[in-house]
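Here is the structure we will look at.
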Amino acid sequence: MERREEEQQKRDDSRFNQTLKNVQGFLKGRSIPGKVLLTRRPDPTPEPISPTYHRSLSENDAGRNERSDNPVEVEDNNSSKKQDNTYAGKLRSNSSSGEQLAKQVQNLKIGGRSSDYARVMKFNKVLSETTVILEKLRELAWSGVPHYMRPDVWRLLLGYAPPNSDRRDAVLRRKRLEYLESVGQFYDLPDSERSDDEINMLRQIAVDCPRTVPDVSFFQQAQVQKSLERILYTWAIRHPASGYVQGINDLVTPFLVIFLSEYLEGDVDSWSMSDLSAAKVSDVEADCYWCLTKLLDGMQDHYTFAQPGIQRLVFKLKELVRRIDEPVARHMEEQGLEFLQFAFRWYNCLLIREIPFSLINRLWDTYLAEGDALPDFLVYIYASFLLTWSDELKKLDFQEMVMFLQHLPTQTWTDQELEMVLSRAYMWHSMFNNSPNHLAS
């Protein structure tokens, strides 16, 4: 009897691993032989599981082309005829050669699976439309955005920049001016004109800014911290329902790096904001402010009093881990470890403190592509993140688990480990999300 159960377990594990490989290939834009089969271990609760998933990509998005086995060459031949009017013009100086364009694309620091030329041309096509179709952009962005396209893609995904290209520049000018006026109205004041609560809030922000991403020297520059302070204080004053909450300072950092990358080149640690004019610094701050606003609009109850949104998602995370890996969940419960003790920070800072900062932009491509569905999808990402160390956790007692989860061994992580986390999250969402009463709160 035990032998049969062991053999069945091996078959289930083998099937799971093959499914994971299929999903990874799917997310990398590779064609998948046959149908993706999503399965899970037998569950004592007889709940139906639907393999249908709303983020599934089209055959063309998966890198398949009925007309040719080499989609890169097809894209290259077509693009050379019309590239003067495309988004790829940002890559050229005075070159009209599709071959030279391809070389420039390959030399870009894009990262991970977004670096192949075919994917760049897909982004180029979507972004070149007079009106960007956001659903197509989300499908592409979920698997990673080319680095030099991130400023424009992130503005579009968050709804800060309008999809219509004819309106885009005017809207951005207006929103940047509005931010500048808000800074003058709320930030550029003497303390004598602030309330006691406002003074205390500004002091807390001033304390937190130097603590933001301490392992990246760029954020220790006084001018960078002053920009963070202006953005955060202005946001807090204009959003009194939550005000400033520790952790929001971390959420500004990916935006600051991406929007500065439009003006500064090279490694982030070599940047200096003193190289920029006051007008450019103000534009960057405005983009950070409005994108932060759009991001937090979709998770308002994460940062209001008692942060009920985070507490709800921590409960869902516990339930999901119990369903996926019951031995780990049981061990954590037996040791008295509450999910709130470690997962609260994950939700509060969106994993920025848990993985190398060099991987954050790639992670946020997926975050922003999720749109309004992001809070619920975080549950799957964080379950996948936690269960990366399933075997290790089952060997630790309470104190050891607390220390381990506070100092996770992610320092040497690359895109590969992050892609594995996202692939599992995608698959588990496909398996569980449509089940009746799934993760009911």
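The values are calculated or read from the model by the stated rules, or taken from the named source; none is laboratory data. The model shown is predicted, which means the values in this text are computed figures rather than measured ones. All Cβ positions, even for glycine, are placed from backbone atoms using ideal geometry, and neighbour counts span all protein chains on display. These area figures cover heavy atoms from the full protein model, side chains too; ligands, DNA and RNA do not enter into them. Shrake-Rupley method; radii C 1.70, N 1.55, O 1.52, S 1.80 Å.
Please report the carbon-and-sulfur percent of the accessible area for segment 294-336; probe 1.4 Å, protein heavy atoms only, DNA, RNA and ligands left out. Each step should come with its number before you reach the end.
Details: 990 of 2100 Å².
The nonpolar share, carbon plus sulfur, comes to 47 percent.
Of the options Leu374, Leu408, Leu393, report the single residue whose Cα projects farthest towards the positive end of the charge dipole of segment 370-418 (beta-carbon charges: Lys, Arg +1; Asp, Glu -1).
Farthest towards the positive pole: Leu393.
From the residues Tyr233, Asn200, Gln223, which one has its Cα farthest along the dipole of segment 187-244 in the positive direction, the dipole being from +1 and -1 charges on Cβ of Lys/Arg and Asp/Glu about the Cα centre?
Result: Gln223.
Please list, in order along segment 405-410, the HN-Hα scalar couplings obtained from phi with the Karplus expression 6.51 cos²θ - 1.76 cosθ + 1.60 (θ = phi - 60°), rounded to whole Hz, x for Gly and Pro.
Here the 3J(HN,Hα) series is 6, 7, 9, 5, x, 10 Hz.
Roughly speaking, what is the centre-to-centre gap between segment 244-318 and segment 372-436 when only Cα atoms are used, to the nearest Å?
Taking the Cα centre of segment 372-436 as reference, the centre of segment 244-318 is 23 Å away.
Over segment 211-328, what is the relative contact order in percent, taking alpha-carbon pairs closer than 8 angstrom and at least six residues apart?
On the way: 78 pairs, mean separation 30.2, N = 118.
Dividing the mean separation by the residue count of segment 211-328 yields 26 percent.
If you find the alpha carbon centre of segment 111-165 and of segment 210-235, how far apart are they in angstrom?
Taking the Cα centre of each part, segment 111-165 and segment 210-235 sit 28 Å apart.
Once phi is turned into θ = phi - 60°, what whole-Hz ³J(HN,Hα) does the Karplus curve with 6.51, -1.76 and 1.60 give for every residue of segment 135-145, x standing for Gly and Pro?
Couplings: 5, 5, 5, 5, 4, 6, 5, 4, 9, x, 10 Hz.
Which whole-percent values make up P(r) of segment 294-341 when all C-alpha to C-alpha distances are grouped in 10 Å steps starting at zero?
P(r) over segment 294-341, rounded to whole percents: 25, 41, 24, 10, 0.
Sorting Thr412, Thr234 by accessible area (1.4 Å probe), largest first, what list results?
Working: Thr412 115, Thr234 0 Å².
Per-residue accessible area, sorted high to low, gives Thr412, Thr234.
Rounded if a/c is under 1.5, else prolate if a/b beats b/c, else oblate: with a ≥ b ≥ c from the C-alpha gyration tensor eigenvalues square-rooted, which is segment 285-434? Provide the component values of the computation, followed by the final result.
Details: a/c = 1.57, a/b = 1.44, b/c = 1.09.
Since a/c reaches 1.5 and a/b is larger than b/c, the shape of segment 285-434 is classed as prolate.
In whole Hz, what ³J(HN,Hα) sequence does segment 265-278 give by Karplus (6.51, -1.76, 1.60; θ = phi - 60°), x for Gly and Pro?
So the J values, rounded to whole Hz, are 10, x, 6, 4, 5, 9, 6, 9, 5, 5, 6, 9, 6, 4.
Can you work out the accessible area per residue across segment 371-441, with the rest of the protein chains kept in place, probe 1.4 Å, in square angstrom?
On the way: 3020 Å² over 71 residues.
On a per-residue basis, 43 Å².
List the residues of segment 157-199 whose backbone N lies under 14 Å from a point placed 7 Å from the Cα of Arg238 along the Cα-to-Cβ direction.
Answer for segment 157-199: 160-161, 172-188.
So how do Val207, Val126 rank on accessible area, 1.4 Å probe, biggest first, that is with the largest at the start?
Accessible-area ranking of Val207, Val126, largest first: Val207, Val126.
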